[in-house]
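J.: Here it is, the structure in full.
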Amino acid sequence: MGSVGHVTPQSMHFSEPLVLASGARLPEYTLVYETYGRLNAARDNAVLVCHALNASHHVAGTYEDDPKNVGWWDNLVGPGKPLDTDHFFVIGVNNPGSCFGSTGPASINPATGRRWGADFPVVTVEDWVDAQARLLDALGIEQLAAAIGGSLGGMQALSWTMRYPRRVRHSIAIATTPNLSAQNIAFNEVARRAIVTDPEFHDGHYYEHGTLPRRGLRVARMIGHITYLSDDVMAEKFGRQLRNAELAYSTQAIDFQIESYLRYQGEKFSEYFDANAYLLITRTLDYFDPARPHGGDLTRAFEAAAGNRFLIVSFTTDWRFSPERGREIVKALVDNRIDVSYAEIDAPHGHDAFLLDDPRYHGLLRAYFDRIVRDGPVAGSAGKGSLAVGQTEVS
């Protein structure tokens, strides 16, 4: 019920260099993306879904040859769901530097004919938004009805309103923050050290050595996963439950169920994620700070967003990006007299709550998207010349 069904990833190559915030340039690059629903004749019902650290362009639906591979936000996107593809044309894009098909560290560097590896330039949220804007140009979409994302995706949704304020009408930023705290940067750094000190890392050029730094990546994922869960959820799911009836009295054995769970998550992650991409994307998180060019004044940073509308959502048990950080964003918007709605949801799930099926959370998003439809300019049904799922039209 409500599924967009089987979907097909698409790709678009850009030969024009992408100039990055660092001053480096991507001489050429490819973006992989998926679309769901139909772009109406007015081309004003597009919603961009921005992915977080370990997600991708595969937002909703399944693949015909891999029906178990369900989109990471499939509970939100589809016909009759809160982000209703009967009304909206939804776009999911894999950002440069990631490892799900778009140009990244495992891609070939045209200057050397070898994989980029550790030579792939550091990318920022702003660089990602610039790349997304070029994709929209190619699709003939001048303005988004909304940009939406959770966590790192929420940073992108916010950045759209500062970088391209006339190209987006609504920004929906969930479980996000105006910048990382020192504690969050510290977690990212420990995760990166776990990877780069793996003997199989080879200074980031492990592809050429036929190895993968899986041990470091497993530890990095375990560290990250701890920060995504609340203490309440860990206590409820695992507590101090033992894996076996008796203690092993060993420093190496798995005694507790939480240890088993974390090792499983690390092992699974190391099988599909690229270590260099993990290093890059955690740095992308570290560097996001739109107030920095304005002397640390977040209110000044959002001056460019006048005329946009916002929904900011926080979760009470999200200790990684706490509600206090969400309220900082709200205050900066209110200080600019910008239209903003704020919801703080009492959910036990921690940071991962933005991915889950809380009925209050989904009800809130449904109501907000209904508002977007009601306020327009969004035509609910696709007209002649509209785009269907899995089609691309480049103007």
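The values are calculated or read from the model by the stated rules, or taken from the named source; none is laboratory data. Here the structure is a predicted model, which is why all the values come from computation and not from measurement. Every residue, glycine among them, receives a Cβ derived from its backbone with ideal geometry; neighbour counts consider all protein chains shown. Note: accessible area is taken over every heavy atom of the protein model, side chains too, but ligands, DNA and RNA are not part of it. Shrake-Rupley method; radii C 1.70, N 1.55, O 1.52, S 1.80 Å.
J.: Dipole size in debye (nearest 20) for segment 298-339 around its Cα centre, Lys and Arg Cβ +1, Asp and Glu Cβ -1?
T.: Values: 7 positive and 6 negative charges, 3 e Å.
In total the dipole reaches around 20 debye.
J.: Compare the Cα positions of N184, A305, F315 along the charge dipole of the chain (+1 at Cβ of Lys, Arg; -1 at Cβ of Asp, Glu; about the Cα centre) and return the one farthest towards the positive end.
T.: A305
J.: Accessible area of the chain with a 1.4 Å probe: how many percent of it is carbon plus sulfur?
T.: Details: 8390 of 16750 Å².
Summing carbon and sulfur atoms, their accessible area is 50 percent of the total for the chain.
J.: Could you tell me the convex hull volume per residue, in Å³, taken over the Cα atoms of segment 1-61? If you can, show how the numbers build up before the last one.
T.: Working: hull volume 8.6 nm³, N = 61.
Spread over its residues, the Cα hull of segment 1-61 gives 141 Å³ apiece.
J.: Compute the FRET efficiency between R360 and A182 as 1/(1 + (r/R0)^6), taking r as their Cβ-Cβ distance and R0 = 30 Å, and round to the nearest 0.05.
T.: Details: r = 32 Å, r/R0 = 1.06.
Approximately 0.40, to the nearest 0.05.
J.: On a 0 to 90 degree scale, rounded to 10, what angle separates helix 125-139 from the longest Cα axis of the chain?
T.: 50 degrees
J.: Mind jotting down the distance between the C-alpha centroids of segment 207-238 and segment 1-42, whole Å?
T.: If you average the Cα positions of each part, the centres end up 28 Å apart.
J.: Still on this model: Only bridges whose two residues both fall in the chain count here: according to DSSP, what percent of them are antiparallel, nearest 5?
T.: So the antiparallel bridges amount to about 35 percent of the total.
J.: If the viscosity is 1.002 mPa s and the temperature 20 °C, what translational diffusion coefficient in µm²/s does Stokes-Einstein give for segment 167-207 when Rh comes from Kirkwood over Cα pairs?
T.: Values: Rh = 13.3 Å.
D = 161 µm²/s.
J.: Of all trypsin sites (Lys or Arg not before Pro) in segment 10-78, which ones are in loop regions per DSSP and have a Cβ with at most 13 other Cβ atoms within 10 Å?
T.: Values: sites: R25, R38, R43, K68; in loops: R38, R43, K68.
Answer by residue number: K68.
J.: Could you work out how far helix 214-228 tilts from the main Cα principal axis of the chain, as a 0 to 90 degree angle to the nearest 10?
T.: 60 degrees
J.: Along the charge dipole of the chain, which of H349, I108, F288 sits closest to the positive end, that is, farthest toward it, with unit charges on the beta carbon of Lys, Arg, Asp and Glu (+1, +1, -1, -1)?
T.: So the residue we want is F288.
J.: Using the heavy atoms of the protein chains and a 1.4 angstrom probe, tell me the accessible area per residue for the chain in square angstrom.
T.: Heavy-atom accessible area per residue stands at 42 Å².
J.: A further question on this structure: Pull out the extension gain between Y264 and H6, defined as 0.36 nm times the separation in residues minus the alpha carbon to alpha carbon distance; nm, one decimal.
T.: Working: separation 258, 0.36 × 258 = 92.88 nm, distance 2.85 nm.
My answer for the length gained is 90.0 nm.
J.: Dipole magnitude of the chain about its Cα centre, charges +1 at Lys/Arg Cβ and -1 at Asp/Glu Cβ only, in debye to the nearest 20? Intermediate results must be reported in sequence, preceding the final value.
T.: On the way: 37 positive and 47 negative charges, 88 e Å.
Here the size comes out at about 420 debye.
J.: State the percent of C-alpha pairs, over all pairs in segment 209-351, separated by a distance greater than 20 angstrom. Write out the running numbers ahead of the final one.
T.: Values: 6516 of 10153 pairs.
Roughly 64 percent, once rounded to a whole number.
J.: Then there's this: Across 5 Å bins from the origin, how do the percents of Cα pairs in segment 41-112 run, short distances first?
T.: Histogramming segment 41-112 at 5 Å steps yields 4, 15, 20, 21, 18, 12, 6, 4, 2, 0 percent.
J.: May I ask you to work out the translational diffusion coefficient for segment 92-209 at 10 °C, viscosity 1.306 mPa s, via Stokes-Einstein with Rh from the Kirkwood sum over Cα pairs, reported in whole µm²/s? Display every interim value, and only then the final one.
T.: Details: Rh = 16.3 Å.
For the chosen part, D equals 98 µm²/s.
J.: What residue among D357, D74, D44 has the largest mean-square fluctuation in a Gaussian network model of the chain, using Cα springs under 10 Å?
T.: Largest GNM mean-square fluctuation: D357.
J.: Quick one: which residues, 5+ away or cross-chain, put their amide H under 5 Å from the amide H of D339? H built at 1.01 Å from N.
T.: G307
J.: Further, regarding this structure: Expressed as a whole percent, how much of the Cα-Cα distance distribution for segment 178-261 exceeds 22 Å? Write down the numbers at each step before the final one.
T.: Details: 1621 of 3486 pairs.
Result: 47 percent of Cα pairs exceed 22 Å.
J.: Please give the charge dipole size of segment 57-209, origin at the Cα centre, charges +1 on K and R Cβ atoms and -1 on D and E Cβ atoms. Round to the nearest 20 debye.
T.: Values: 11 positive and 17 negative charges, 92 e Å.
With only Lys, Arg, Asp and Glu charged at Cβ, the dipole is about 440 debye.
J.: Specify the angular offset, from 0 to 90 degrees and rounded to the nearest 10, of the alpha carbon long axis of helix 182-196 from the longest principal axis of the alpha carbons in the chain.
T.: Relative to the chain, helix 182-196 is tipped by roughly 60 degrees.
J.: Can I ask one more? Can you list, bin by bin at 20 Å, the percent of alpha carbon pairs in the chain, starting at 0?
T.: With 20 Å bins starting at 0, P(r) equals 27, 59, 13, 0.
J.: Report the paramagnetic label zone for D232: residues of segment 295-331 whose backbone N is under 13 Å from a point 7 Å from Cα along the Cα-to-Cβ axis.
T.: Flagged as within label range: 315-319.
J.: Find the centroid of the Cα atoms in segment 69-100 and in segment 324-359, then give the distance between the two in whole Å.
T.: 21 Å
J.: Grab the Cα-Cα distance for T211 and D119, subtract it from 0.36 nm times how many residues apart they are, and report the gain in nm with one decimal. Each step should come with its number before you reach the end.
T.: Details: separation 92, 0.36 × 92 = 33.12 nm, distance 1.73 nm.
Contour length minus the Cα-Cα distance gives 31.4 nm.
J.: Set the Förster distance to 22 Å, then compute FRET efficiency between A21 and W319 from the Cβ-Cβ distance, nearest 0.05. The partial results should precede the final answer.
T.: Numbers: r = 29 Å, r/R0 = 1.32.
That pair, A21 with W319, gives E of 0.15.
J.: Also, quick follow-up: How high is the FRET efficiency from D86 to V334, r the C-beta distance, R0 41 Å, rounded to 0.05? All intermediate terms of the calculation are to be shown ahead of the outcome.
T.: Working: r = 33 Å, r/R0 = 0.81.
Efficiency, rounded to the nearest 0.05: 0.75.
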